[in-house]
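**Q** Have a look at the structure that comes next, please.
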Amino acid sequence: MLRPKEVVCKWVDAFNLHDVEAITSLYHENAINHQVANDPVTGIEAIRAMFTEEFASADMTAITEHIFEDGQWAILEWRDPLGLRGCGFFQVVNGKILFQRGYWDKLSFLKQHNLPIE
C-alpha cells in the first residue's frame with residue numbers, strides 16, 4: 001500500500017499530465033476535495049467532473065517544491081511556471097485520498113489564465 005507521500009507524488013504526475021482517470025483513481029469513493037477558494041467537492045464522481053472541467057479550462061502545472069509526510073497526512077508545497085504558489089494537505093487512508101484541502105490565490109490564477117473574474 002502506498003504511503004501518503006507516494007500517493008501525492010502520483011497525484012502530481014497525473015495532474016501535470018491532465019490525466020483525469022489517473023488522478024481520480026487516487027481518491028477514496030467518498031473523498032472531499034476542498035480548494036478553499038471554491039466550495040468543497042464531495043464524492044469521486046464530482047471530483048472527476050471537477051478535474052475534467054478544470055483541465056479543459058486552463059493549462060495547469062504543479063512544480064513540487066516540498067512534500068512532507070506526517071502519519072496519514074502529506075503536505076505538498078507547489079508553484080507553477082507562471083509564478084503562482086500554493087499548498088495542499090492530503091489525508092490518505094488505505095492508500096487513497098480521503099480529504100484534500102488546497103490554498104492558493106484564485107484571483108491571480110484567473111488573471112494568469114485570462115479567465116473571467118467572478
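**Q** Run lengths n ≥ 4 of DSSP H only: what is the helix-derived mean residue ellipticity at 222 nm for the chain, with -39500 (n - 2.57) per run over all residues, to the nearest 500?
**A** Numbers: 4 runs with 39 residues, N = 118.
Result for the chain, helices only: -9500 deg cm²/dmol.
**Q** Continuing with this model, one more query. Using the number of other C-beta atoms within 10 angstrom as an exposure proxy, rank Leu17, Leu26 with the fewest first.
**A** On the way: Leu17 11, Leu26 22.
Ranking Leu17, Leu26 by Cβ neighbours within 10 Å, fewest first, gives Leu17, Leu26.
**Q** By how many degrees, 0 to 90 and rounded to 10, does the Cα axis of helix 4-16 deviate from the longest principal axis of the chain?
**A** Compared with the principal axis, the helix lies near 30 degrees.
**Q** Let me ask something else about it. Based on the Cα atoms of the chain, what semi-axes does the equivalent ellipsoid have, where each is the square root of 5 times one gyration tensor eigenvalue, given in whole Å with the largest first?
**A** Values: eigenvalues 96, 51, 32 Å².
Working through the eigenvalues yields semi-axes of 22, 16, 13 Å.
**Q** Give the order of Val36, Val7, Val92 when sorted by the count of other beta carbons within 10 angstrom, beginning with the fewest.
**A** Details: Val36 12, Val7 20, Val92 26.
Placing the least packed residue first, the sequence is Val36, Val7, Val92.
**Q** Would you mind counting up the charge near Met1? Only other residues with Cβ under 15 Å from its Cβ, with Lys and Arg at +1 and Asp and Glu at -1. Can you show the working numbers first?
**A** Numbers: positive: Arg3, Lys5, Lys10, Lys96; negative: Glu6, Glu69.
That works out to +2.
**Q** How high is the relative contact order of the chain, given as a whole-number percent (alpha carbon pairs under 8 Å, six or more residues apart)? Walk me through the numbers before you get to the answer.
**A** Numbers: 205 pairs, mean separation 33.4, N = 118.
Computed value for the chain: 28 percent relative contact order.
**Q** Let me ask something else. Count of lysine pairs in the range 4-112 with Cα atoms under 26 Å apart, counting only pairs 8 or more residues apart in sequence or on different chains? Walk me through the numbers before you get to the answer.
**A** On the way: Lys5/Lys96; Lys5/Lys106; Lys10/Lys96; Lys10/Lys106.
For the range 4-112, qualifying lysine pairs total 4.
**Q** Please rank Ile75, Ile67, fewest neighbouring Cβ atoms within 10 Å first, as an exposure proxy.
**A** On the way: Ile75 16, Ile67 19.
In order of increasing Cβ crowding within 10 Å: Ile75, Ile67.
Read the figures in this text as sums done on the coordinates, not as results from a lab. Every value quoted in this text rests on a predicted model; they were computed, and no experiment measured them. Neighbour counts run over all protein chains shown; Cβ positions are idealised from the backbone, glycine included.
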